[in-house]
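To start, the structure itself, in C-alpha cells.
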Amino acid sequence: MGNRDTELIKEILDLKTRRGAVILAHNYQLGEIQDIADFVGDSLELSQRAAETGASVIVFCGVHFMAETASILCPDKVVLLPDMNAGCPMADMITPDRLREKKKEHPRAAVVCYINSSAEVKAESDICCTSANAVGIIESLDAQEILFVPDQYLGLYVSARTGKEMILWPGFCPTHVRITPERMEELRQEYPQAKIVVHPECRPEVIALADEVLSTGGMLRYARREGVREMIVGTEVGIIYRLRKENPGKRFIPVSEQAICPNMKLITLEKVLWSLEEMNPEVKVAERIRLGAKAAVDRMLRIGPKR
C-alpha cells in the first residue's frame, strides 16, 4: 500500500467518525474498499446491519439498488452511494411500467421480485427474495401462478429445485453469463480435488456441473469447512479477495477472470472520501415507493432467513 492510500484511509476513517457514519461494502467490491468497511457482505445483509447500528450516515459501497434497499430499511438515515453511476444491468432489465403490463397479462399471479431490482419494482411486487432464500420463498407460496422477476436463471434454478412452474422475466446478470461450462470442465481436470461452487445466477448448464449452488454468503460459510481445501468459485471475482483473506492456506480459483462487474469496481477510496466530505450523492427512496417496497421485503423476512 502506498503512502497516498495510507493517507486516504486515515482521512476516510477520521471523517467517518466525525460524520457518525458506517461504511458497508459488498462482497464484490475492490479489496481496498472491503478493508475499510465496517461490514462486508451481501446486499440485504448489509442493509440489515445498517438498520441495527446507531450510525446516522450509511456509505454504501455497492450498486444503486443496494443503496435503495438501505434507504427502504433505514428511512431516518442518510444513505450515500460514492458513485451514482454504479448501477446493475440486470435490475435495469425490468421497469415498473413493464412489470405492470406483465401483471395485467397474469392478474392472478403472485409477483416475486429478486432483491437485485429497483425500489419501484419491489413496490410493484408481492414479495422479495434473495439468492439464499429464493427456494424457501417460492415453496411458501400457495399461488397457482408465480411471476418471477427479473433474473431468469435464478428463476430456472428455483423452479428446478421446487418443481413449481414460473413465469420468468428474461433478465440476467451479464457477469454470471460469462461463466461457461467448458471452462468449468477444464478446471475440474486441472484441480480434481477442488469443490466447484457457483452462484444461482449462473446458467443451467453451469449449475449442472457444480458441487454446490450458493449465494455469496453461502460460499463464504462453505469455504470455512474443515474438508474444503480447494474451491473453484463461479461468481464475480471480487469475492476471491475475501475468501483468501478469511481462509489462509486454502486455494480459491475463479472459474473466469472475465467474471467482473465493472459497476462494482467504480467505487474507489477517493470517491468514498469525497462522498463523506460532500455528503453526496445521496440515495433517498420516496415514501410512497418506500412503503410498497418495504412491504415486499418485510413479507420475505417473515418467511425466509434474514441472512
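Using the alpha carbons alone, the radius of gyration of segment 12-65 stands to its Kirkwood radius in an Rg to Rh ratio of 0.94. Greater than 26 Å separation of Cα atoms is the criterion. Which listed pairs, 77/104; 103/164; 16/250; 10/294, meet it? The answer is 77/104; 16/250; 10/294. Shape annotation for segment 91-172: C-alpha extents along the principal axes are 30, 24, 19 Å, from largest to smallest.
Considering only alpha-carbon pairs that sit under 8 angstrom and 6 or more positions apart, the relative contact order computed for the chain is 24 percent. GNM on the chain, alpha-carbon springs under 10 angstrom: the most fluctuating residue among 35, 14, 126 is 14.
Report the Stokes-Einstein translational diffusion coefficient (µm² s⁻¹, integer) for segment 239-307, Rh taken as the Kirkwood radius over Cα pairs, at 10 °C with viscosity 1.306 mPa s. Can you show the working numbers first?
Numbers: Rh = 16.5 Å.
My calculation gives 96 µm²/s for D.
Derived scalar couplings between HN and Hα for segment 61-69 equal 8, x, 10, 4, 5, 5, 5, 4, 4 Hz in order, rounded to whole Hz, by the Karplus curve 6.51 cos²θ - 1.76 cosθ + 1.60 (θ = phi - 60°), x for Gly and Pro. Just so you know, the Rg over Rh for segment 176-260 is 0.91, from Cα atoms, with Rh as the Kirkwood radius.
Distant-in-sequence amide contacts of residue 79, defined by a placed amide H-H separation under 5 Å and a gap of 5 or more residues or a different chain, comprise 58, 283. Segment residue 291..residue 105, full-extension length gain: 64.5 nm, with 0.36 nm per residue of separation and the alpha-carbon distance subtracted.
Read-outs: derived from the displayed coordinates by stated rules, not from any lab. This structure is a prediction, so every number in the text was calculated from the model and none was measured.
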